[in-house]
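Scroll down for the structure; my scribbles are underneath it.
Every number here is computed from the coordinates shown, using simple stated rules; none is lab data. It should be emphasised that the depicted structure is a prediction, and the values quoted were computed from it without experimental measurement. Glycine also receives a Cβ, built like all others from the backbone with ideal geometry; neighbour counts cover every protein chain displayed.
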Amino acid sequence: MSCLPLIIILTAYIGIKSLLICLSVMNVRYMKKHASQVPPELDGMIDAETLEKSISYTLTSSNFGMKLDVFRQAVKLTFIFSGVMLAYSQWVQTLELGFILSGIVFFGLLAIAESILEIPFDLYDTFKIEKRFGFNRSTPGIWLGDTFKHLALSLIIQSILLGGALWLIVWLPQWWWLPVWAFFFAFSVFMMYVSPYVLEPLFNKFTPLDDAELERDVTTVLAKAGIKVKGVFKMDASKRSSHTNAYFTGIGREKRIVLYDTLLEKLDHNEIIAVLAHEAGHCRKKHIIKLLAIFELSALAGAYAAFLLIGGKLLPQMFCMNTDDFFVKLILFAFLGKIATWIIHPCCNILSRRFEREADAFARDITGDGESLASALAKLTRDNLSNLFPHPLYAWLFYSHPPALERIRRIKS
């Protein structure tokens, strides 16, 4: 059996990961070179001390992220190519649980093992890095509860998806890719409806805005935008972190706009309205629906590719393995899919940045107050210690939002 395909696959995988690390290092060096003074657009909003702190935060986070990624890749490569995966698969088979239950156990135990391995990194990030820079407000009790709930929810959802998909594979072995994709699609839409009411409240408390004047202006902006939402809610994000943010959640008639309480504390009235108008712009321009459509088309193509590769013997041969185990082949397919994702992801970021620019323009036009939107972005950048000087290539490849300075300059122009 020739191992040339495996050599090509591993070379591509390690080569791309090495390139990503080099780009991260390049990005940090670019920031250190250009972050000598506060940009004129942020004069009076960010001082030299805050700029220095943001540089230190970016350096620390970047170094930690690279180390965590190297650890993850080392574990993944060791598991797949050292023989551990094949031995693990054989052990699961000895349990004689049947195809569907074996799959749930196979991937469920892997999810638990992954969570356990990453606990030290998560603890260090939360209680060392985030605390050092004044972001962390969580306690060990809150962290432990969140970790347990995240793991439990992920196992439940993974078991439902796997159980349904494997049942369809048994029922329709000749063309399972289409019903499996349809099942995943229906489940994802269902989760978008129920998540604001079932999942999100497990971690945070959501309350209506308690500012009558702000609520009135919010209603006015949404009416001008021509959109209907279930409500605008304040989330108790300060319970865990001082980071600020706002986002859209839900779909259809269940759309909701969520504002962090930290954002409400740090922005003035007009800036809050500008941020909300930006989120309304995403809804008005149907960005969520468009992204969902693109994702599902990609998932449909992926399901068909999985059907072709997993159903035959080519996939294990490409990895120089002598096995016909379905779950092993599924992991090998996911390994190939990761390489494809790294190549496709920049294209998705290009589209995402376009949507952000459209939402900025929508907010500026509907409020007639670009200055408040620009100042809100400046404060969000300051309070989150965001990198003001990303390398243009790095931002083009990895940023889902345009860099803060670019957005502010575009709004003001």
The aspartates and glutamates whose Cα lies under 13 Å from the Cα of K239, excluding any fewer than 8 residues away in the same chain, are D146, D261
Beta bridges per DSSP with both ends in the chain, % antiparallel, nearest 5: 60 percent
Average projected area [Cα convex hull, region 122-181], square nanometres: 5.6 nm²
Compactness index (Cα Rg / 2.2 N^0.38 Å), region 108-234: 1.48
Can you give the FRET efficiency to the nearest 0.05 for L6 and S195, using r as the Cβ-Cβ distance and R₀ = 25 Å? 0.05
Calculate log10 I(q)/I(0) of region 230-383 for q = 0.08, 0.15, 0.18 Å⁻¹, where I(q) comes from the Debye formula with a single equal point scatterer on each Cα and nothing for solvent. -0.38, -0.86, -1.04
How large is ³J(HN,Hα), in whole Hz, for each residue of region 91-106 in order, when computed from phi with the Karplus curve 6.51 cos²θ - 1.76 cosθ + 1.60 and θ = phi - 60°, using x for Gly and Pro? 5, 4, 5, 5, 6, 6, 9, x, 4, 5, 5, 4, x, 4, 5, 4
Compute the helix-to-body angle for 177-198: its Cα long axis versus the longest principal axis of the chain, expressed 0 to 90° and rounded to tens. 40 degrees
Would you please give the FRET efficiency between K224 and R354, computed as 1/(1 + (r/R0)^6) with r the Cβ-Cβ distance and R0 = 41 Å, to the nearest 0.05? 0.95
Could you work out how far helix 140-171 tilts from the main Cα principal axis of the chain, as a 0 to 90 degree angle to the nearest 10? 50 degrees
Ratio of the Cα radius of gyration of the chain to 2.2 N^0.38 Å, where N counts its residues: 1.08
Share of pairwise Cα separations in region 350-413, more than 13 Å, in percent: 62 percent
Send over the per residue convex hull volume for region 296-413, Cα only, as a whole number of Å³. 138 Å³
9 Å beta-carbon shell around F355, net charge (K/R +1, D/E -1): +3
Along the Cα-to-C-beta direction of D236, a point sits 7 Å from the Cα; which residues of region 107-144 have their amide N less than 14 Å from that point? 138-139, 142-143
Can you list the HN-Hα couplings for region 360-372, worked out from phi with the Karplus curve (6.51, -1.76, 1.60; θ = phi - 60°), rounded to whole Hz and with x for Gly and Pro? 4, 5, 4, 5, 4, 6, 6, 8, x, 9, x, 4, 5
1/(1 + (r/R0)^6) with r = Cβ-Cβ of L59 and C347, R0 = 30 Å, i.e. FRET efficiency to nearest 0.05, evaluates to 0.55
Please compare each pair in K286/K338; K17/K329; K230/K290; K234/K255; K76/K128 to a cut-off of 19 Å on the Cα-Cα distance and tell me which ones are over it. K286/K338; K17/K329; K230/K290; K76/K128
When the convex hull of the C-alpha atoms of region 10-66 is computed, what volume per residue in Å³ does it have? 78 Å³
Mind jotting down the three principal axis lengths of region 1-144 based on Cα atoms? Whole angstrom, largest first. 67, 46, 21
Full extension from Y247 to T207: what is 0.36 nm times the residue separation minus their Cα-Cα distance, to one decimal in nm? 12.9 nm
Which cysteines in the chain lack any other cysteine whose Cβ sits under 4.7 Å from their own Cβ? C22, C283, C347, C348
With charges set only on the Cβ (+1 for Lys and Arg, -1 for Asp and Glu), what does the dipole of region 64-205 come to about its Cα centre, in debye to the nearest 20? 360 debye
How much net charge surrounds T58 when only the other residues with a Cβ under 12 Å from the Cβ of T58 are counted, with Lys and Arg +1 and Asp and Glu -1? +2
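Taking N as the number of residues in region 206-287, what is its Cα Rg relative to 2.2 N^0.38 Å? Could the numbers behind the result be given before it?
Working: Rg = 11.9 Å, N = 82, 2.2 N^0.38 = 11.7 Å.
Rg over 2.2 N^0.38 Å, computed on Cα atoms: 1.02.
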